[in-house]
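The values are calculated or read from the model by the stated rules, or taken from the named source; none is laboratory data. Being a predicted model, the structure only gives us computed values, none of them experimental. In this analysis, Cβ positions are derived from the backbone assuming ideal geometry, glycine residues included, and neighbour counts consider all displayed protein chains. Areas reflect the complete protein model, heavy atoms only, side chains present, ligands, DNA and RNA absent. Shrake-Rupley method; radii C 1.70, N 1.55, O 1.52, S 1.80 Å.
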Amino acid sequence: MKRYLVAVMCSMAKFCFYCMRLNLNIAIVEMIQTKTSTKWDNLNGTATTETSSQQFDTEIATYAWNEETRQMILSGFYYGYTVTAFPGGWLACRVGGKPIIVCALILSSILTALIPWSAGISSDFLIVLRVLDGIAQGLNNGAIVAILGKWTVPHERSILVSIALFGFTFSQVICNPLSAWICSAYTLGGWPLSFYTYSILSIVTATVWVLLIYETPDEDPYISSKEIEYIKSFDTEKEKKNKSISIPWLSIVQSSAVWAVVTVYVVDNFGFYFIITEAPTFITEILGFDLEATGWISSSLGIVSCCFVLLSGACADVFIRREYLTILQTRKLFTFLGIGLPSFLLICMDFFKQSAISCLILLMLAFGIFGCTNASITPNVLDISKHYSGVLVGVMTTLASCSGIVGPAIIGELTKDTNTFEQWSLMFKIVSGVMLFGLTIFLIFAKAEEQFPLNQHFSKQEMKSYRTMKSTSDEVQNEVQHSATRK
C-alpha cells in the first residue's frame, strides 16, 4: 500500500542523511595523524595509554588535529542543525515536506562530497563546511513528520513512524562497517571515497523521491481509490475543506503535553547522540579495539537497535488496536523502556570496568533499547497535534540539537589532558541523570489526545473505536489482495 511506500522512502531519506552525518565519526580516526589509544589488561583492570603516529605507504592525506579540534569538527554539524530545525518544520507546514526533503538531500550530498577538499585547506574550513551541512540537514526532521501526518492513520502511527525512522537505525548497521572498510582500503582511495559514496547514494534517493512520492494522497495518481478513501475517512469536514491552517502559537507554548514530549525528546537525543557520536572513539581508544573491529561492533549496535525499533513499533500498535492499553499508556510504557533501561545500563558500566567485553555488551544493550522510543515519542507528537507536527518537531529538533554540541564539548573537556575510563564513566552518569529527568517529566505530564483540534468534533473523530478501524483496515487489505489475485 502506498502509505507504506511513503514510510519506506522517509526511511531511505533518513538513512542517507545519517550516513552522511555519521561517516565522519569513523573516517576521522583515519584522518588524524596522531592517535591516542588505551590497551586493556582485563585480568587486573589496568590500562596503558599509548600515543602513536600513523605511518602509511600511501598518498592519502592525514592531519595533525588534537582532541579538542576533533570534537569541534564532530560537533560543528549541530551548530548548523540548530539554526534550521525550526524553520524547516515551519516551512513543511507551509510548502509541504517533499520539496524540503529533496532539497536537503541534494544540498547535503554536495557538502559531504566537499569534505575531503575542505579538510585539505584547514580544520577551520572543515568546521564551517560541517556547520553548512548541519544547516541543510536540519530541514529534514520536521518535513518527514509533516508528510507522515498526511499519510498515517491513528492506529498505524507506531509502526509507520517506526518504519520511517528505521533508516536512521539501519544506517548504523551499514554505515559503520562500510565506512571502516572503505577508510581502511587505501588502494581504493581510503577515507575520501567514503564521503563520495554516500553523496552519490543521496542523489539517487532524491531522484526517487521526485519521481514516486507525493505530498498528500490526493496528489498521488497511483494510489488506489480504496486506500485514499480509507486515509481520508479520518479527516473531519473542516480538514477536508480547509488545507490552509494558521498555527496557534500561544496554545502550543502553553500546552503541558507539548513541553512533556519536547523535554523527553531533548533528553532522548542527548543520550542517543552522545552514544552514536562518541561510541567509535570509546570503543577504539578506551576499550582498545582496532578500527575495523570498531566498525563491526558499531554495526552490531545498529542491528540490536533495528530489532527493537521494528518490534516495539509493531507491539505498540497491537496494544492499541486490541485495546490492551490506551494510547497514552502505550506511549509511556515504551518511553520508559527506551530511556529508563538504557540509563540504568550506562550507570552499571562502572561496575564492570575491568572487562572491556562486559562494557561492550552493556553499551550494545543500552543502544539497542533506545529503539523503543521510536514507538512512543514521535508518534506522540502526531497524537497531540496531527496538523502542526512539523512545527513541533522543528522546535524539538532545535532544542535537541544542542545535545550534539554539549555532549562532545563535555567529553572533550574531560579528556583533553588524559583519556581514561573513569572520565568516560562520569560522562555516562551525567547522560543517565539527564535522561531520567526528562523521563520523569514525560511520565507525569504526557497526553495522547489532540491538543489543537480544528473543531470540537476532531477528538471524537480521531478517537473512534479501534475495533471499527481494524474492521475497515481488514476490508481494505482484503480488497487489495483480491485485486492482486485477479491480476
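Quick notes
- In plain terms, the chain from Glu229 to Ile303 could stretch by 23.0 nm, reckoned as 0.36 nm per residue minus the Cα-Cα distance.
- Each of the peptides 352-358, 274-280 was scored by the mean count of other Cβ atoms within 10 Å over its residues; in descending order, highest first, they stand as 274-280, 352-358.
- Whole-percent carbon and sulfur share, accessible surface of the stretch 140-212, 1.4 Å: 82 percent
- At full extension, Trp259 and Ile410 could sit 51.8 nm farther apart than now, given 0.36 nm per residue minus the alpha carbon distance.
- Net charge over other residues, Cβ less than 15 angstrom from the Cβ of Tyr81 (K, R count +1; D, E count -1): +2
- Accessible surface of the stretch 267-366, 1.4 Å probe, proportion on carbon and sulfur as whole %: 73 percent
- Per residue solvent-accessible surface (Å²) - the stretch 252-398, probe of 1.4 Å: 30 Å²
- Taking the centroid of alpha carbons for each part, the stretch 78-111 and the stretch 256-283 are 20 Å apart.
- Solvent-accessible heavy-atom area per residue, rounded to whole Å², over the stretch 80-220 at 1.4 Å: 33 Å²
- Rounded if a/c under 1.5, otherwise prolate or oblate - the stretch 257-330, Cα gyration tensor axes: oblate
- Interchain or long-range residues, amide H under 5 Å from Tyr63's placed H: Ile32, Gln33
- Area of Arg321 that stays accessible when all protein chains are in place (1.4 Å probe, Å², to 10): 70 Å²
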